[in-house]
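Notes to accompany the following structure.
The values are calculated or read from the model by the stated rules, or taken from the named source; none is laboratory data. These numbers were taken from a predicted model, which means no experiment stands behind them. Glycine gets a Cβ as well: all are built from the backbone with ideal geometry, and neighbour counts include every protein chain shown. Note: accessible area is taken over every heavy atom of the protein model, side chains too, but ligands, DNA and RNA are not part of it. Shrake-Rupley method; radii C 1.70, N 1.55, O 1.52, S 1.80 Å.
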Amino acid sequence: MTDESDSLKLALRGSSPDDLSQPPPLRLPSKAALFLDFDGTLVDIAAHPDHVEVARALPGLIEALGEQLEGRLALVSGRALEALDRLLGPVDVAMAGSHGGEFRPCRNAEIHPLADPLPETIARPLGAFARDNGELLVEHKPFSMAVHYRGQPEMRAPLLALAQDLAEAHGAGVKDGKMVVEVVMPGSDKGSAVARFMDMPRFAGSTPYFIGDDVTDEDAFKAVTAMGGEGILVGPMRQTAACWRLESVEEVHAWLTRALADADADAPAGAAGKSPDTENAGQAGERPE
């Protein structure tokens, strides 16, 4: 969860954050690095994680963006990589799953664990709680365990209390997301995953942007901000370390699609490869893409 100390923006807003503007167009190719959450950002959240609808054009859009950015694009999701692969197919881009606990620099690369496996001493009591309280949906991941309480909002308080007790006893962390509580092992956070990607040679010297919707994305918003980049919040306004906001998954798709269309339009005129950081320097109100 975020608090007012998380960023200067929150400190200035206090308890009632102002709204954020839409991000300016992303110009491609540019010296940007783009990090994308999945649920609530690229696909709408569904009643069951397996029931999300992936737009037919989405895998191709992701790959095309990655090509324009010369590989400086990664999906950073709370889902396990196995689930992302199943939903998106063989998309050849970098990915981090399980909130960063699984790290894969490209499609055919070995998966590098950034966290220790979740111990049974955490998994067992969480599973028992789910069974004893209306068969809540349990999502097992390599380095975390999520319990979804969609349709039973009254379960949030006792579930969160149990998760916090278990996490404290085992040196783990808790993600309090949209209708889900998740216990994660150290190293399973999206900010750490973004930092790991930014240490790779192909990301070196780029300006990172992260697009996400949930409080679990705040670690990544803070990470990109510390590196001179910016976060883009998806969905209703709330307290956040992001700098910009898009209203919906549909707006995210439109923003990304426009970036590709603009790149195609610019290419014949020789604009490809120009740095918008240089082109926009000194123009008030504009931010480098």
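Some values worked out for this structure:
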| read-out | value |
| --- | --- |
| Among (1) at pLDDT 90 or above; (2) assigned to a strand (DSSP E or B), the one test that E218 misses | (2) |
| Neighbours by Cβ (under 9 Å, 6+ apart or cross-chain): first from the range 107-126, within 23 Å of E67 (Cα to Cα) and touching a residue at least 24 places away in the same chain (Cβ under 8 Å); second of a type in the set (D, E, K, R) and surrounded by 15 or more Cβ atoms within 10 Å (Cβ to Cβ) | I111/E102; I111/R104 |
| Breaking point among (1) modelled with pLDDT of 95 or more; (2) among the charged types (D, E, K, R); (3) more than 21 Å from the chain's Cα centre (by Cα), for E250 | (3) |
| Residues of the range 182-215 classified as in a strand (DSSP E or B) and in contact with a Phe, Trp or Tyr (Cβ under 9 Å, 6 or more places away or on another chain), total | 6 |
| Single unsatisfied condition, R56 versus (1) within 19 Å of L260 (Cβ to Cβ); (2) in contact with a helix residue (DSSP H, G or I) (Cβ under 9 Å, 6 or more places away or on another chain) | (2) |
| Boolean, A157 is aliphatic (A, V, I, L, M) and without any contact (Cβ under 8 Å) to a residue 24 or more places away in the chain | yes |
| Where a residue in the range 48-77 is part of a helix (DSSP H, G or I) and its partner, wherever it lies, is open to solvent by 50 Å² or more (accessible area, probe 1.4 Å), with Cβ under 7 Å and at least six apart | L61/T257; E63/D92 |
| Residue, modelled with the lowest pLDDT, within the range 94-115, restricted to residues that are among the hydrophobic types (A, V, I, L, M, F, W, C) and touching a strand residue (DSSP E or B) at 6+ places or on another chain (Cβ under 7 Å) | L114 |
| Tally, over the range 150-164, of residues that are surrounded by 11 or more Cβ atoms within 10 Å (Cβ to Cβ), over 23 Å from the mean Cα position of the chain (by Cα) and under 15 Å from K178 (Cβ atoms) | 4 |
| Verdict on H170 being of a type outside the set (K, R), touching a residue at least 60 places away in the same chain (Cβ under 8 Å) and either open to solvent by 30 Å² or more (accessible area, probe 1.4 Å) or in contact with a strand residue (DSSP E or B) (Cβ under 8 Å, 6 or more places away or on another chain) (or both) | no |
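Conditions tested, residue by residue: (1) in contact with a Ser or Thr (Cβ under 6 Å, 6 or more places away or on another chain); (2) farther than 24 Å from A32 by Cβ; (3) among the small types (G, A, S).
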{"position": "G71", "(1), (2), (3)": "no, no, yes"}
{"position": "A94", "(1), (2), (3)": "no, no, yes"}
{"position": "S98", "(1), (2), (3)": "yes, yes, yes"}
{"position": "E135", "(1), (2), (3)": "no, yes, no"}
